[in-house]
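Accompanying notes for the structure given below.
Read-outs throughout are calculated quantities, based only on the coordinates presented, and are distinct from any laboratory measurement. In this text the structure is predicted, and so the values were computed from the model without any measurement. Heads up, the Cβs are rebuilt from the backbone with ideal geometry, glycines too, and the neighbour counts pull from every protein chain shown.
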Amino acid sequence: MTQNAADRLNTPRAWAVDLAACALTGAVLGAVGPFGSFFNDGLAVRIGYWTAVLVISGAVCGAAIRWAWPRMRRRRVSMRFWLPMLIVVASGPTAVISRIIAVVLWPGIRQRVGWVEWYGQALLIGAVYVALYALLRMRTSSTATRADQGDPGFARTLPAGLGRDLICLQMEDHYVRVHTTRGSQLVLMSLSQAVSALKGVEGLQTHRSWWVARAAIVGVVEDGRNLRLALTGGLTAPVSRARVANLRAAGWL
C-alpha cells in the first residue's frame with residue numbers, strides 16, 4: 001500500500017520532530033515570558049511551564065490534525081473550512097490542562113486571569129502552531145506525495161477522456177475495466193499488470209478481480225457475512241473473506 005501524505009505525519013519520527021520543535025519553542029517562550037508570565041517566577045520554572053504547555057498543545061493539535069486530515073480529504077472538504085474549527089476545538093483541552101499546571105505553580109493566577117482570557121491565549125497558541133508548523137509539515141508531506149506521483153505509469157495507458165482520478169479497477173476476462181470519476185473503459189492488460197504499474201495512488205486489492213483506490217471509499221456495506229465497499233459514483237466493490245484481515249489492518253474497515 002502506498003503511503004499517503006497524512007500517513008507520513010503519523011510516524012514515530014514525524015511525531016518526535018514535531019514535539020521536539022514544540023519543546024524548543026516552549027523554551028524560547030519561557031525565556032521571553034509572554035502573557036505576563038515573565039513576572040511569575042524564575043527562568044527555570046518559566047521554561048519548564050512553557051515547554052510543557054507547548055508540548056501539550058503540539059500533541060493535542062497534532063493528534064487532531066492527523067485524525068481529521070484524511071477524513072476531510074476523503075470528503076473533499078477544503079482545508080480553509082475545517083482547520084479553523086479544529087483550532088477552536090483543540091484549544092479547549094489545551095486551555096484546561098495549561099491552566100491546571102499554572103494554578104499549581106502560581107495559585108494566585110486563578111483570580112488574576114479568567115477562563116475567557118485563558119482560552120484566548122490557548123487559542124492564539126493553537127493558531128500559531130497550526131499556521132507556522134503544522135501547515136508547513138502538511139505542505140512538505142503533500143509535496144513528497146506529488147513527487148511519488150511524478151511517474152504517470154499506468155495513467156499513460158488511459159484515454160484522455162477518463163481523466164486521472166481512479167476509483168477502482170475491475171478484471172473482465174483478459175481486460176481491466178478502469179473506473180474513474182469521468183466514466184469507465186476496458187484496457188487490454190491483466191489486473192496484476194495494472195496494479196504493478198500504479199504509481200503514487202493509495203489502494204489495495206479487495207478481491208481477486210478488484211482493486212480499489214482508498215480515496216474513493218465512501219462506506220462499507222455488510223450483507224450477512226459478506227462485505228462490500230461503497231465507492232464514489234455509486235459503485236460497489238466486493239471484499240473477499242481472504243482479504244478482510246488485510247483491509248482491517250490497513251484501517252479500511
- Item | Overall dimensions of region 153-249 by Cα: Rg and Dmax, Å | 12.9, 40
- Query: What's the percent breakdown of Cα-Cα distances in region 71-135 across 5 Å bins, shortest bin first?
  - Reply: 4, 16, 22, 19, 15, 10, 7, 4, 3, 1
- Note on the structure: The residues Phe81, Phe38, sorted from fewest to most surrounding Cβ atoms within 10 Å, come out as Phe81, Phe38
- Residue separation times 0.36 nm, minus the C-alpha to C-alpha distance between Leu186 and Leu253: what's the value? 21.3 nm
- Dividing the mean separation of Cα pairs under 8 Å (6+ apart) by the residue count of region 22-75 yields a relative contact order in percent of 38 percent
- Item | Cα centre as origin, Lys/Arg/Asp/Glu Cβ charges: region 153-249 dipole, Debye | 200 debye
- For Trp50, Trp211, Trp118, what's the fewest-to-most ordering of other Cβ within 10 Å of each Cβ? Trp118, Trp211, Trp50
- Query: Across the Cα atoms of region 208-253, what radius of gyration and what greatest pairwise Cα-Cα distance (Dmax) are found, in Å?
  - Reply: 9.9, 26
- Item | Under 13 Å, Cβ to Cβ, from Trp106 - net charge with Lys/Arg +1 and Asp/Glu -1 | +3
- Message: Using a 10 Å cut-off around each Cβ, can you sort Met85, Met189 from fewest to most neighbouring Cβ atoms?
- Response: Met85, Met189
- Out of Cys168, Asn10, Gly126, whose Cα points farthest toward the positive end of the dipole of the chain (charges: +1 Lys, Arg; -1 Asp, Glu; placed on Cβ)? Cys168
- Separation of the Val96 and Ala31 label points, Cα + 7 Å toward Cβ, nm: 3.4 nm
- Note on the structure: Note on the chain: contact order normalised by length, alpha-carbon pairs under 8 Å, 6 or more apart, percent, works out to 14 percent
- Item | Given charges at beta-carbon only (K, R positive; D, E negative), |dipole| of the chain in Debye | 240 debye
- Could you calculate the contour length gain from Val45 to Glu222, that is, 0.36 nm times the residue separation minus the distance between their Cα atoms, to one decimal place in nm? 58.1 nm
- Message: In the chain, if the dipole is taken from +1 on Lys/Arg beta carbons and -1 on Asp/Glu beta carbons about the Cα centre, which of Trp210, Trp67, Val116 is farthest to the positive end?
- Response: Trp210
- Report the label-to-label distance for Leu105 and Arg13 in nanometres (one decimal), using points 7 Å from each Cα along the Cα→Cβ vector. 3.3 nm
- Charge dipole of the chain built from unit charges on the beta carbon (Lys, Arg +1; Asp, Glu -1), centred at mean Cα; most positive-end Cα among Ala27, Thr51, Leu86 is Leu86
- Note: Arg71 to Arg177 extended length (0.36 nm per residue) minus current alpha-carbon separation gives 35.4 nm
- Task: Would you mind giving the average projected area, over all directions, of the Cα convex hull of region 5-148 in nm² with one decimal?
- Result: 8.8 nm²
- Anything in the chain that counts as a DSSP H helix reaching 27 Å or more along its axis (C-alpha) with Kyte-Doolittle mean of at least -1.0? List them, would you? 12-32, 43-74, 79-105
- List, largest first, the extents of the alpha carbons of the chain along their principal axes, each in whole Å. 76, 41, 29
